[in-house]
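Everything below concerns the one structure shown next.
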Amino acid sequence: MLAKESPALIDAINLYPPELGLNALAVITFIVGYTFFGIAMTRTTLPRPCGILVAVGAPAYLLGGGISQLVSPAAWAIVVLGSASLGVGLAWAGYQLWHTMTGWGDMSWHSKG
């Protein structure tokens, strides 16, 4: 509602230095975090493509969004492919973990006492 009534106010809020700094920090930590998470996933018992999809999909999603906003709307395909890659990688890993779990008693970290 506010964006419709006063788009200049929204633009001013987005250019406010603390807001700009927090957004930049969020983007950097999202990209670095999911990239490291994807790399770590490739080194576990999960299928290797899960980690590769996550490590490639997260940066492609955010960087593609930035490119499509600033350069060309044709880059939205990068956003769609990146988000699909991230989602498939996370869903595949989750399914593998859920599918291989046989019960609470079989987990090594479960306390016996």
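Bear in mind these aren't lab numbers, they're just calculated from the coordinates by the rules spelled out. Given the structure is predicted, the values throughout are model-derived calculations rather than measurements. FYI the Cβ positions are ideal-geometry reconstructions off the backbone, even for glycines, and counts take in every protein chain you see.
Relative contact order for the stretch 1-59: what percent, with Cα pairs under 8 Å and sequence separation of 6 or more?
Relative CO of the stretch 1-59 lands at 26 percent.
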Take each of the peptides 14-21, 88-95, average the number of other beta-carbon atoms within 10 Å over its residues, and list them starting from the highest.
-> 88-95, 14-21
Taking every eigenvalue of the Cα gyration tensor of the chain, multiplying by 5 and rooting it, what semi-axes result, largest first, whole Å?
-> 37, 18, 13
Label model pair Ala74, Asn14: point-to-point distance (7 angstrom along the Cα→beta-carbon line) in nm is 2.3 nm
Calculate, in nm to one decimal, what Phe30 and Glu5 gain on full extension: separation in residues at 0.36 nm each, minus their alpha carbon distance.
-> 5.9 nm
Please list the equivalent ellipsoid semi-axes of the stretch 48-97, computed as the square roots of five times the alpha-carbon gyration tensor eigenvalues, in descending order and whole angstrom.
-> 24, 8, 6
